[in-house]
Amino acid sequence: MAELGGHVALVTGGSRGIGQAVAISLAEAGAAVAVNYREKAAEAEAVAATIRKAGGRATTVRADVSKAAEVKAMVSEVERALGPVDILVNNAGIGLIRTVDELTEEDFDITIAVNLKSAFLCTQAVIPGMRARKWGRIVNISSGAARGAGGIGPHYNASKAGMEGLTRGYAARLVKDGITVNAVAPSLIETDMVRSGLASSPARIPLGRFGTPQECAQVVLMLIGNAYMTGQTVALSGGMSFI
């Protein structure tokens, strides 16, 4: 597992679910952590407070990460509060459950913006500093829907498949700069999205239960700690699929 003392991490969508678990795990490994949120200010502050109570350094930062100007301002704010960002976890996402007949252009556009464009914008914003220091870790939170049917809709499939393409594209171009870029692809993790109706029971999961946000965080920390692994997607599905 990674030893991250002296490093600064930014977790987008870090106020709850997988993002919350990742933020706390990064802090437990020694990193100073910036918890990004768009609307859930109280929840984000609760995550930061948990980190501070345990003796860590944390701050919260509001930004709509699908907008370039807000991403730029966010990264500058984090640098002022904690220092240069050298660990980025692109976790912010949206899951609008739609049938093929219900799906609209607006649904498609917002899903691509929040799930895919945000990862591009945040990555572009932190690359210069990582290159200058010759060290960086970027982990993108994808989904089993990137390669399977999924239960949300084709717009979501497309956004997560795009994220995995983005992962490989950046990994190939940044590897000589000391920057690794990987992805985690969870399926049916016990989060608000799943509990709100995506899956009523874990019956179709061979392991017999939903995954936990903490199990996702363990994989994120493994990827951050492995300097030789880049351009890879790690599936976390309880045996539902193998990639």
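Derivation of every value follows stated rules applied to the coordinates shown; laboratory data play no part. As the structure is a prediction and not an experimental result, all values here were calculated from the model. Neighbour counts run over all protein chains shown; Cβ positions are idealised from the backbone, glycine included.
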Using +1 on the beta carbon of Lys and Arg, -1 on that of Asp and Glu, and nothing else charged, what's the dipole of the chain about the Cα centre, debye to 20? 660 debye
Given a 10 angstrom Cα cut-off, can you work out which residue in M222, M163, M74 is the most mobile in a GNM of the chain? M222
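How much length, in nm to one decimal, is gained on full extension between A49 and N226, taken as 0.36 nm per residue of separation minus their Cα-Cα distance? Each step should come with its number before you reach the end.
Values: separation 177, 0.36 × 177 = 63.72 nm, distance 2.86 nm.
Stretched out fully, the A49 to N226 stretch lengthens by 60.9 nm.
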Angle between the Cα long axis of helix 17-28 and the longest principal axis of the chain, 0 to 90 degrees, nearest 10? 30 degrees
Scan the chain and hand back the longest stretch that contains none of the GluC sites (Glu not before Pro) lying in DSSP loops with at most 13 other Cβ atoms within 10 Å. 103-243
Residues with amide H under 5 Å of V33's amide H, sequence separation 5 or more or different chain, H placed in the peptide plane at 1.01 Å from N; which? A9, R57, A58, T59
I'd like the distance separating the alpha-carbon centroids of region 205-242 and region 93-149, in whole Å. 18 Å
Below 19 Å, Cα to Cα, which aspartates and glutamates can K67 reach? Residues fewer than 8 away in the same chain don't count. E39, E77, E79, E105, E106, D107, D109
Filtered hits (lysines, Cα-Cα < 20 Å from K134, offset >= 8 within chain) -> K176
Compute the long axis of helix 154-174 from its Cα atoms, compare it with the longest principal axis of the Cα atoms of the chain, and write down the angle in degrees, 0 to 90, nearest 10. 30 degrees
Relative to the longest principal Cα axis of the chain, at what angle does helix 41-53 sit, 0 to 90 degrees, rounded to 10? 50 degrees
